[in-house]
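K.L.:
Can you keep this structure in mind? I'll have questions shortly.
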Amino acid sequence: MVPSASGRHYSSQQRLSYTILSDLALALLDGTVFEIVQGLLDIQHLMERNLYNQRLKLQTEHRDVEILGKGDNSIPQISKRSQKDAVEQRIHTELRMMDEKIVLELDQKVVDQQSTLEKAGVSGFYITTNPQELMLQMNMLELIRKMQQREMQPRQPFP
């Protein structure tokens, strides 16, 4: 159930009901919500770029380790194979741990965004992990973004 500014509750089944849209329209009137959403988007993009670069750096370091390990011909073949297997296992584990860290950070970013929008009084936003409610919130954000883009377009005069 999603509490609105008026205290009403909405189920995910109602989707974007008239009441939610009406509450959302009121929240968008002064442009503050557009600024908040744009700020959240900018922060999210910076974080995603940072996480991507961290993962890329880890992959590059692993590639360098693999290349260095191929050069020593004095090690017997069996020992090389077990070392290679150990290195590959360590690389796989480190990448999995990095991916888990990335997912946790992205999940936390979603919670932060939900909290910020809820505190700003945007109807339909509250902290949830329910997939249907998350999808509804994502659709509402998409609607806000489209409305923001439309606001930024120059007005066409009537003929």
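The values are calculated or read from the model by the stated rules, or taken from the named source; none is laboratory data. The structure displayed is predicted, hence computed values, not measured ones. Cβ atoms come from the backbone with ideal geometry, glycine included; neighbour counts cover every protein chain shown. Heads up: the accessible areas ignore ligands, DNA and RNA and are worked out on the full protein's heavy atoms, side chains in. Shrake-Rupley method; radii C 1.70, N 1.55, O 1.52, S 1.80 Å.
K.L.:
From the list SER74, SER79, exactly one residue is open to solvent by 60 Å² or more (accessible area, probe 1.4 Å), among the polar types (S, T, N, Q) and at pLDDT below 85. Which is it?
P.N.:
SER74
K.L.:
Considering LEU58, LEU21, LEU40, which residue is modelled with pLDDT under 80 and surrounded by 13 or more Cβ atoms within 10 Å (Cβ to Cβ)?
P.N.:
Sole residue among the options that is modelled with pLDDT under 80 and surrounded by 13 or more Cβ atoms within 10 Å (Cβ to Cβ): LEU21.
K.L.:
Take region 103-141 and flag every residue that is open to solvent by less than 30 Å² (accessible area, probe 1.4 Å) and in a helix (DSSP H, G or I).
P.N.:
Answer for region 103-141, where residues must be open to solvent by less than 30 Å² (accessible area, probe 1.4 Å) and in a helix (DSSP H, G or I): GLN113, GLN114, SER115, LEU117, GLU133, LEU136, GLN137, MET140.
K.L.:
Residues that are under 24 Å from VAL33 (Cβ atoms) and open to solvent by 60 Å² or more (accessible area, probe 1.4 Å): does region 89-102 have at least one?
P.N.:
no
K.L.:
For region 29-36, state whether one or more residues are at pLDDT 90 or above and open to solvent by 50 Å² or more (accessible area, probe 1.4 Å).
P.N.:
Yes, because at least one residue in region 29-36 is at pLDDT 90 or above and open to solvent by 50 Å² or more (accessible area, probe 1.4 Å).
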